[in-house]
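The values are calculated or read from the model by the stated rules, or taken from the named source; none is laboratory data. Just so it is clear, the structure is predicted and the values come from calculations on it, not from any experiment. Cβ: placed from backbone, ideal geometry, glycine included. Neighbour counts: every protein chain shown. Quick note on the areas: whole protein, heavy atoms, side chains included, nothing else; ligands and nucleic acids left out. Shrake-Rupley method; radii C 1.70, N 1.55, O 1.52, S 1.80 Å.
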Amino acid sequence: MAKAATKERAEAKAERPEWRVKGELALNCNCDVFCPCVVSLGQARPSMGYCQAWLGVRIDKGRYGDADLSGLHIAMLLDIPGRMSEGNWTAALYVDELADDEQYEALERIMSGRAGGTTGLFTMLVGNFLGSRREAVTYSTDEAGVRTITAGRAIFGQVKPVDGADKGKPVNIENTGYWMGPTVTVGVGLKSKLRDFGRVWNFDGKSAEICSIDWRGP
């Protein structure tokens, strides 16, 4: 029985195409600055005891099998009842309206964890997937380093890096084992709202993270 299960997993993995996504991620949550989940790798309890968050991803260069994902954007809603590591997450995915059907399916597979690799942990942690849909997802950065992420009328978020001791240089947390990436810039929400799926969240002044990503699988 164990050998059969191992064989099935190996065959399923073999059917997954190779993929890679490079770019940047910004996340804003309801924690006080700074979110304890990053350095604790999800073992610490969030500031409020639970986590509400949105995230946005700018794909500078990406591929899923033969599908080119470069230049696309995605966003997510995350609602987590306790410690991140304990699972039972609720999630929803917003896919760039510019994505064709092949790109849409690829991004859905990656962000649901079904593509394996870096985001494969989502298959274990997400207990309630609210679905995915196309939206006008944008991700921009201004001269002050403020990231603005939108997803239709569901998300309007602005996050700004927190300045460090050296003027003009943000506070960075280096060499983390966090799933997003090893270097995380500490940020704070400016004007940040999410309204969807019965949720009305305001993260103004709350904790934010900015991270260069290099995800791959399977």
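With every protein chain present, what accessible area does T138 have (1.4 Å probe, heavy atoms only), rounded to the nearest 10 Å²?
Taking all protein chains as shown, T138 has close to 60 Å².
Rounded to a whole number, what % of the accessible area of the stretch 66-155 do carbon and sulfur atoms account for, probe 1.4 Å?
Numbers: 1680 of 3830 Å².
Carbon-and-sulfur percentage of accessible area, whole number: 44.
How long are the three semi-axes of the equivalent ellipsoid of the chain, in whole Å, if each is the root of 5 times an eigenvalue of the C-alpha gyration tensor, listed from largest down?
Working: eigenvalues 151, 79, 62 Å².
Values for the chain, descending: 27, 20, 18 Å.
Which ³J(HN,Hα) values in Hz, rounded to whole numbers, follow from the phi angles of the stretch 175-182 under the Karplus curve 6.51 cos²θ - 1.76 cosθ + 1.60, where θ = phi - 60° and Gly and Pro get x?
Values per residue, Gly and Pro as x: 6, 7, x, 5, 4, 5, x, x Hz.
Would you pull out the residues with amide H under 5 Å of L130's amide H, same chain only if 5 or more places away, H placed 1.01 Å from N?
A91, A92
Using Cα atoms only, what is the angle between the long axis of helix 2-15 and the major principal axis of the chain, expressed in degrees (0 to 90) to the nearest 10?
The angle comes out near 70 degrees.
Amide H to amide H under 5 Å from D60: which residues, 5+ apart in sequence or cross-chain, H placed 1.01 Å off N in plane?
Excluding prolines and chain starts, which carry no amide H, the hits are K22, G23, E24, G71.
Would you mind telling me the antiparallel percentage of the DSSP bridges in the chain, rounded to 5? Mind dumping the intermediate values first?
Values: 65 of 72 bridges.
Restricted to the chain, the bridges split so that about 90 percent are antiparallel.
What is the angle, in °, between the Cα long axis of helix 101-112 and the longest principal axis of the Cα atoms in the chain? Nearest 10 is fine, range 0 to 90.
Rounded to the nearest ten degrees, it is 80.
Taking amide hydrogens as modeled 1.01 Å from N in the peptide plane, which residues meet the under 5 Å criterion relative to C35, leaving out close sequence neighbours?
A208
Points 7 angstrom from Cα along the Cβ direction at V162 and S70: gap in nanometres?
Here the modelled spin labels are 3.6 nm apart.
Once phi is turned into ³J(HN,Hα) by the Karplus curve 6.51 cos²θ - 1.76 cosθ + 1.60 with θ = phi - 60°, what whole-Hz value does each residue of the stretch 73-89 show in order, with x for glycine and proline?
Karplus values, whole Hz, x for Gly and Pro: 10, 9, 9, 9, 9, 10, 10, 10, x, x, 5, 4, 5, 8, x, 6, 6.
With springs connecting C-alpha atoms under 10 Å apart, model the chain as a Gaussian network and identify which of R153, R63, R20 has the largest mean-square fluctuation.
Greatest mean-square fluctuation among the candidates belongs to R153.
Looking at the chain, which Cys residues are left with no other cysteine's beta carbon under 4.7 Å from theirs?
Flagged as lacking a Cys partner: C29, C37, C51, C211.
For a label point 7 Å from the Cα of N88 along Cα→C-beta, name the residues of the stretch 113-135 whose backbone N is under 17 Å from it.
Backbone N within reach: 124-130.
Please list, in order along the stretch 143-158, the HN-Hα scalar couplings obtained from phi with the Karplus expression 6.51 cos²θ - 1.76 cosθ + 1.60 (θ = phi - 60°), rounded to whole Hz, x for Gly and Pro.
5, 8, x, 6, 8, 10, 10, 10, 9, x, 9, 7, 10, 10, x, 10
State the Cα centre-to-centre distance between the stretch 42-88 and the stretch 127-185 in whole Å.
Comparing the Cα centres of the stretch 42-88 and the stretch 127-185, I get a distance of 10 Å.
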